[in-house]
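Every read-out reported here was derived from the displayed coordinates using simple, explicitly stated rules and does not represent laboratory data. None of these values were measured; they are calculated from a predicted model. When we count neighbours, we look across all protein chains shown, and the Cβ atoms used for this are built from the backbone with ideal geometry, even at glycine.
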Amino acid sequence: MLLQQDRWPEPSELVLCTVTKVLPHSVFVSLDEFGKSGLIHISEISPGRIRNIRDYVKEGKVVVCKVLDVREDRGHIDLSLRRVSDNQRRKKVNELKQEQKAEKIVEFVCGQLKKEFLPTYKEIMAGLKTHGERLYPFFQDIILDKAKVADLGLDKTITKALDDIVRQRIKPPEVSIEGTFKIITYASDGVLLIRSTFEQVLKDTEAEVYYEGGGRYHLRVNAQHYKDAEKSLKELTDTITEQASAYGTAVFERAA
């Protein structure tokens, strides 16, 4: 479940969409978070020439798009698929998963107190406006004692129950440090060797890696504290660089 927002998306905002209709030179989508429709022109599907648009999208496919233009008077939203990076796509999907988790917490509390979910949720979101538009970051601020459920102006019964469940189910936000490995190898099985290196080194860690293309691998290290993330990043990059030297060269460039 993902409840829809009662507003129009902003230009440059990333939005979750479901493809509803594919034409030879354009794609119609529904904006799942807003209950509105939008259009992606073929030039905004992917870089380069597109011979068959259906090689990239089909009805029912869920995609993350960037809002290019919004014309509320015409009910028109222009979107781009090609201007969303893999990293942005992952972050958006993760953000929505977190928001769904926050909604489930509210739903659980309503079930405990025999309250109707939708009116309660709307009351919470109305009180949330001074803190932003997303519920999950607000719940994280509660864990960090940067915000209080009482700030929402709910009755005392809901306030206490919600505070208790949030503290049970929400984890403190993590620190992330990222960078990119450029790995060069001329070994015939180089791809397998690189994959094996990452699998061995990153096993049982909070780090993530994905292939960017052109021999570049994006590495992200997550930790509760910045110093821990720094220490983990150095240990991992040193080990990967050393192992990669057996079949090529690896150079790590940290993200700004």
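Here is the list for segment 151-201: chymotrypsin sites (Phe, Trp or Tyr not before Pro) lying in DSSP coil, each with at most 10 other C-beta atoms within 10 angstrom of its C-beta, are TYR186. Our coupling estimate for segment 91-98, obtained by passing each phi through the Karplus curve with A = 6.51, B = -1.76, C = 1.60 and θ = phi - 60°, is 5, 5, 4, 5, 4, 5, 4, 5 Hz, Gly and Pro reported as x.
Structural descriptor for the chain: relative contact order 13 percent, calculated from alpha carbon pairs under 8 angstrom and at least 6 residues apart. Along segment 220-234 the Karplus relation, 6.51 cos²θ - 1.76 cosθ + 1.60 evaluated at θ = phi - 60°, assigns HN-Hα couplings of 10, 10, 10, 7, 6, 10, 4, 4, 5, 5, 4, 5, 5, 4, 5 Hz to successive residues, with x for each Gly and Pro. Cβ crowding within 10 Å ranks THR185, THR197, THR205, THR130 as THR130, THR205, THR185, THR197, fewest other Cβ atoms first. Relative to the Cα centre, the charge distribution of segment 127-252, modelled as +1 at Lys and Arg Cβ and -1 at Asp and Glu Cβ, gives a dipole magnitude of about 340 debye.
Under 5 Å from the amide H of ALA207 lie the amide H atoms of ASN222, each residue being 5 or more positions distant or on a separate chain, with H modelled from the backbone and absent for Pro and chain starts. Between ASP151, ASP238, ASP73, the residue with the greatest mean-square fluctuation in the GNM of the chain (Cα pairs under 10 Å linked by springs) is ASP73.
Using only side-chain charges placed at the Cβ, +1 for Lys and Arg and -1 for Asp and Glu, the dipole size of the chain relative to its Cα centre rounds to 480 debye. Considering only ILE105, LEU154, PRO119, and ranking their Cα positions along the charge dipole of segment 53-174 that arises from unit charges at the beta-carbon of Lys, Arg, Asp and Glu, the one farthest toward the positive end is ILE105. Rounded to the nearest 500, the 222 nm mean residue ellipticity of the chain from helices alone is -12500 deg cm²/dmol, with -39,500 (n - 2.57) taken per DSSP H run of at least 4 residues. For segment 34-181, the Cβ-based charge dipole about the Cα centre amounts to some 480 debye (Lys, Arg positive; Asp, Glu negative; other atoms uncharged).
Give the calculated FRET efficiency between GLU10 and SER30 to the nearest 0.05, with a Förster radius of 25 Å applied to their Cβ-Cβ distance. It comes out at approximately 0.90.
Note: relative contact order over segment 40-97, using C-alpha pairs below 8 Å and six or more positions apart, is 37 percent. Got a sec? Charge dipole of segment 175-254, +1 on Cβ for Lys and Arg, -1 for Asp and Glu; which of VAL175, GLY214, GLY248 is way out at the positive end? Going by the charge dipole, the pick is GLY214.
Using a Gaussian network model of the chain in which every pair of alpha carbons under 10 angstrom is joined by a spring, one finds that among PRO172, PRO24, PRO11 the greatest mean-square fluctuation is at PRO24.
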